[in-house]
Amino acid sequence: MRPAQLLGLLASLTIVHLAPARLRAQGLECDRCHAELELLRQRTGSMARAEELLTPEAVLRGSAHGKLACTACHDGITQSPHALPVVTRRCASCHPAADSVWGGSVHAQVRDRASVGCPACHGVHDVASRQQLRTPAGRERGNARCTACHAGQQLPATDPHAGRALCAGCHGSHDIRGPELIGSAMHPLRQLATCGACHDSVAAVWRGDVHADTLRKLLAAGVLDEDPDALPGCTACHGAHGAPRGAAMARASVGRCAACHERFAEIYYESYHGQAVRLGSQAAATCADCHGAHGIRPSAEPPARTARARRVATCGACHPEAGARFVAYAAHPEPMNRERNPWVFFTFWAMNALLVGAMGLWALHTGIWWIRLVLDQRKARADQPRNAPN
């Protein structure tokens with residue numbers, strides 16, 4: 001036997017000799033039984049139970065726990081095949097910090113805690129790593145586990161987040177709470193940080209918005225029990241699940257602004273822009289076209305899009321011919337406010353009086369003419385027998 005062949009033989013014998021020890025150290029020897037469905041069925045006597053115990057090596061090695069031995073989670077295994085019972089350790093034994101946070105979540109308040117425990121979201125043997133959850137397939141699988149319980153909250157295909165964001169990216173992973181609670185990542189007072197994690201450029205602009213000022217004042221005053229639906233957070237305008245985008249967002253913004261700014265909404269709907277929007281116009285200006293979306297400031301402040309010095313540029317986006325006299329007209333005229341707009345107030349009443357008067361005279365003239373016609377018809381019928389031939 002040549003020296004090279006002898007070395008090869010010795011190497012092969014060494015690998016064969018060391019393989020069982022290496023496999024046992026990594027827990028891969030469990031794969032001899034737990035990767036064979038028929039063998040498990042014979043030993044358990046139930047196909048359902050066999051499928052529960054079926055754990056192919058590929059599933060384990062592709063999970064976040066792929067480098068762990070089976071005995072890292074399962075105690076009581078001293079031989080193969082092993083005797084029952086086998087004790088499965090709690091996830092908290094390795095992840096105490098995550099378990100502590102989870103204990104204060106909405107899931108921990110469920111009566112059947114086992115149904116919403118770690119395996120319900122993470123899986124049992126196919127635990128996805130953070131890197132895997134960031135892939136399209138990982139996001140789909142992660143969100144599918146959420147919607148398995150929250151079927152009514154599945155994002156429609158038209159939502160800009162559908163297929164692009166994890167549920168946990170908005171609601172949190174282990175510390176999920178109801179959105180009405182201040183500790184929730186989706187509470188309006190915390191949405192700037194939550195939504196801003198992905199929409200950082202928008203969040204930077206919104207920090208100077210008048211709505212952000214309102215939230216900061218509430219936080220500074222310690223007013224934390226305000227109705228979340230009344231707070232001007234991100235979801236107040238964009239909604240949560242099924243958020244519109246593009247032209248649909250522009251049309252929806254009017255109604256959402258009106259939810260808080262009722263008085264200005266009434267005036268807006270009386271204007272040309274508002275009436276055109278109500279009739280379905282896609283070109284008429286909405287609230288955001290004039291005031292902006294994320295950098296809204298009061299008109300009295302110079303940075304505002306509706307400030308006197310910036311109105312020509314703002315209106316000029318739709319009206320290229322706009323000049324100083326064009327923008328002098330009040331966009332929200334409020335004709336019934338005599339103190340604010342005396343000329344508009346008197347013009348409004350004068351034009352309405354002229355309209356009502358003209359229509360009233362027309363109605364009176366028509367009524368008198370109708371009466372005259374009726375009287376003439378009656379007279380004609382009364383005279384008809386006397387004038388008939390003999």
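Quick notes on this one:
- Debye intensity ratio in log₁₀ form over the Cα atoms of segment 113-265, taken at each q of 0.10, 0.21 Å⁻¹: -0.42, -1.48
- Value of Rg/Rh across segment 203-308 [Cα atoms, Kirkwood radius]: 0.97
- Among E262, E51, E180, residue whose mean-square fluctuation peaks in a GNM of the chain (springs only between Cα atoms under 10 Å): E51
- Among W343, W102, W362, the largest mean-square fluctuation in a Gaussian network model of the chain (Cα springs under 10 Å) belongs to W362.
- Evaluating 6.51 cos²θ - 1.76 cosθ + 1.60 at θ = phi - 60° for every residue in segment 360-365, the Karplus couplings come out as x, 5, 4, 5, 5, 4 Hz, glycine and proline recorded as x.
- Segment 161-244: proportion of alpha-carbon pairs further apart than 18 angstrom, %: 41
- Per the Cα gyration tensor, the chain maps to an equivalent ellipsoid with semi-axes of 75, 30, 21 Å, ordered largest to smallest.
- Residue among L375, L37, L166 with the largest mean-square fluctuation in a Gaussian network model of the chain, springs linking Cα atoms under 10 Å: L375
- Share of alpha-carbon pairs per 5 Å distance bin for segment 108-181, given as whole %: 3, 14, 24, 28, 18, 9, 3
- Point-to-point label distance, Y272-L375, nm (Cα→Cβ direction, 7 Å offset): 4.8
- Karplus 3J(HN,Hα) series, Hz, for segment 49-64 with 6.51 cos²θ - 1.76 cosθ + 1.60 (x for Gly, Pro): 5, 5, 5, 5, 8, 5, 9, x, 4, 4, 5, 5, 5, x, 9, 5
- Segment 271-330 - Rg and Dmax from Cα coordinates, angstrom: 11.8, 33
- In order along segment 117-122, the Karplus-derived 3J(HN,Hα) couplings, from 6.51 cos²θ - 1.76 cosθ + 1.60 at θ = phi - 60°, round to x, 3, x, 4, 9, 8 Hz, and Gly and Pro are given as x.
None of the figures in this text is laboratory data; all of them are computed from the coordinates on show. All values reported here derive from a predicted model rather than from experimental measurement. As a convention, Cβ positions derive from the backbone with ideal geometry for all residues, glycine included, and neighbour counts pool all protein chains shown.
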